[in-house]
Amino acid sequence: MNADLNLKKVQTYISKIPALPVTITKVMEICNNPNTSPVDLNKVISLDPVLMARVLKLINSAYYGVSNQVTSLVRAIIMLGLNTVKNLALSTAILGNLGKKENFNALNMQGFWRHSLCVGVLSKIISRKMGVDQKLQEEYFISGLLHDIGKIPLNNALTTEFIHAMGLSDRDHLPLYRAEKQTIGFDHSDTGVLIGETWKLGDGLVDTIRYHHAPQDYTGKNKPVVYAVAASNYYAVANEIGFSGSRFPEAPGAEILQFLGIDWDYLDDNFDSLMEEIDKAQVYLRINEENP
């Protein structure tokens, strides 16, 4: 194993990923301004027909279940909320750059994204249980959706090594991230952080990517979302909802669940609604596949 060489390969791969579009960067900048209004966001999105079409498709999808078709962009922004529009813009840009079939040499693309959607949806369900402001719940979804994004560079730039890691994980019943460290020298959390920092995805998302396998080590201000994603990730893997290369997860400590105010029975009791929401949330993937 040559960890330094492996890291250089991953860094080279990430450096070749196209930068986020200017429109997406502007949307994130506007939405992070507490004085922003839907009209401000409308002015930016109106200049990007692709993003505008995606916003309208999302609000009219089964995921939001509006009774009458929405055709006004401003109305869609108001109904979705600034955070949801920001996260739609961000997630579709990332999926456009990293979510394509050619980026999945070892992992099954459908299994990977179903796992990711499950973690996102379940994190959002947990946020509701915690009483998180509805405007902020979408942060939990996007953090869960993108928590494993670091597996894609490993899967593509270090295909052979990543396959060996998955094999070691299966053979020795190890969590995949531990097998990655043994075979590659670092894990998908490390590569995910590189992507997050390259694209300036924000502290909350980067913290979640970095600590979703070690929530007990996190002491920052984003503890609720880090903990929610860690618990959701364990539940998704343990219940084999989708597949992201790992079958032997480590259960988060009791203090994590206590902080979130949930137990595994609560998640089991909400299993049917979870599966329904996952199916509806597929719109986030389809929006990116379809021509606007």
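Where a number appears in this text, it was derived from the coordinates with a stated rule and is not lab data. Treat the numbers as computed from the prediction; the structure is a model and nothing was measured. In this analysis, Cβ positions are derived from the backbone assuming ideal geometry, glycine residues included, and neighbour counts consider all displayed protein chains.
In order along the stretch 127-134, phi translates into HN-Hα couplings of 4, 5, 4, 7, x, 5, 3, 4 Hz, rounded to whole numbers, per the Karplus curve 6.51 cos²θ - 1.76 cosθ + 1.60 with θ = phi - 60° and x for Gly and Pro. Under the criterion of Cα pairs below 8 Å and six or more residues apart, the relative contact order for the stretch 215-292 equals 26 percent. Charge dipole of the stretch 66-188 (Cα centre as origin; +1 on each Lys and Arg Cβ, -1 on each Asp and Glu Cβ, all else neutral): 400 debye, rounded to the nearest 20. Of M28, M109, M1, the sequence from fewest to most neighbouring Cβ atoms within 10 angstrom is M1, M109, M28. Between E197 and M109, the distance separating the two model label sites (each 7 Å from Cα on the Cα→Cβ line) works out to 3.0 nm.
A straight line joining the Cα centroids of the stretch 224-257 and the stretch 82-129 runs 16 Å.
Our coupling estimate for the stretch 54-68, obtained by passing each phi through the Karplus curve with A = 6.51, B = -1.76, C = 1.60 and θ = phi - 60°, is 5, 4, 5, 5, 5, 5, 8, 7, 5, 4, 10, x, 6, 7, 10 Hz, Gly and Pro reported as x.
D279 to K101: FRET efficiency via 1/(1 + (r/R0)^6), r the Cβ-Cβ distance, R0 30 Å, to the nearest 0.05? Once the sixth-power term is evaluated, E becomes 0.90. When the chain is described by a simple charge dipole with +1 on each Lys and Arg Cβ and -1 on each Asp and Glu Cβ, the residue from Q137, A231, T23 located farthest towards its positive end is T23.
Would you pull out the residues with amide H under 5 Å of F248's amide H, same chain only if 5 or more places away, H placed 1.01 Å from N? Distant-sequence amide H within range of F248: L176. Each of L47, L7, L274 was scored by other Cβ atoms within 10 Å of its Cβ. Listed from fewest to most, they are L47, L7, L274. Based on the alpha-carbon gyration tensor of the stretch 164-283 and its eigenvalue square roots a ≥ b ≥ c, which shape applies: rounded if a/c is under 1.5, prolate if not and a/b is larger than b/c, or oblate? It comes out rounded by the Cα gyration axes. For the stretch 1-81, the fraction of C-alpha pairs more than 20 angstrom apart is 49%. Straight-line reach from K280: taking Cα to Cα under 15 Å and skipping same-chain neighbours fewer than 8 places apart, the aspartates and glutamates in range are E138, D272. Projecting the Cα positions of Q69, N103, H173 onto the charge dipole of the chain (unit charges on Cβ atoms of Lys, Arg, Asp and Glu, taken about the Cα centre) puts Q69 furthest along the positive direction.
Placing +1 on the Cβ of every Lys and Arg and -1 on the Cβ of every Asp and Glu, with no other charges, gives the chain a dipole of roughly 920 debye about its Cα centre. Give me the one-decimal nm value for the distance between modelled label points at I163 and D272, 7 Å along each residue's Cα-to-Cβ direction. So the label points at I163 and D272 sit 4.3 nm apart. Our estimate of slack between S15 and V39, defined as 0.36 nm per intervening residue step minus the Cα-Cα distance, is 5.2 nm. Neighbour counting of Cβ atoms within 10 Å sorts the residues Y234, Y63, Y13, fewest neighbours leading, into Y63, Y13, Y234.
Estimated from helical segments only, the mean residue ellipticity of the chain at 222 nm is -20500 deg cm²/dmol, where each DSSP H run of four or more residues counts as -39500 (n - 2.57). Charges on Cβ only, +1 for Lys and Arg, -1 for Asp and Glu, centred on the Cα centroid of the chain; of F248, I163, V44, which one is farthest towards the dipole's positive end? Sorting the options by dipole projection puts first V44.
Once you have a ≥ b ≥ c as the square roots of the Cα gyration tensor eigenvalues for the stretch 1-149, tell me rounded if a/c is under 1.5, and otherwise prolate or oblate according to whether a/b is larger than b/c. Note, shape of the stretch 1-149 comes out prolate.
Taking a straight line from the alpha carbon of K16, these lysines sit under 22 Å away, with near neighbours fewer than eight places off in the same chain left out: K8, K26, K100, K101, K151, K200.
Placing unit charges on the Cβ atoms only, positive for Lys and Arg and negative for Asp and Glu, gives the stretch 62-128 a dipole magnitude near 100 debye about its Cα centre. All other residues whose Cβ lies under 10 angstrom from that of S116 are scored, Lys and Arg at +1 and Asp and Glu at -1, for a net of +1. Each 5 Å bin from 0 upward holds the following percent of the Cα-Cα pairs of the stretch 3-289: 1, 6, 12, 17, 19, 18, 13, 8, 4, 1, 0, 0. Over all orientations, the stretch 78-132 has a Cα convex hull whose mean projected area works out to 4.7 square nanometres.
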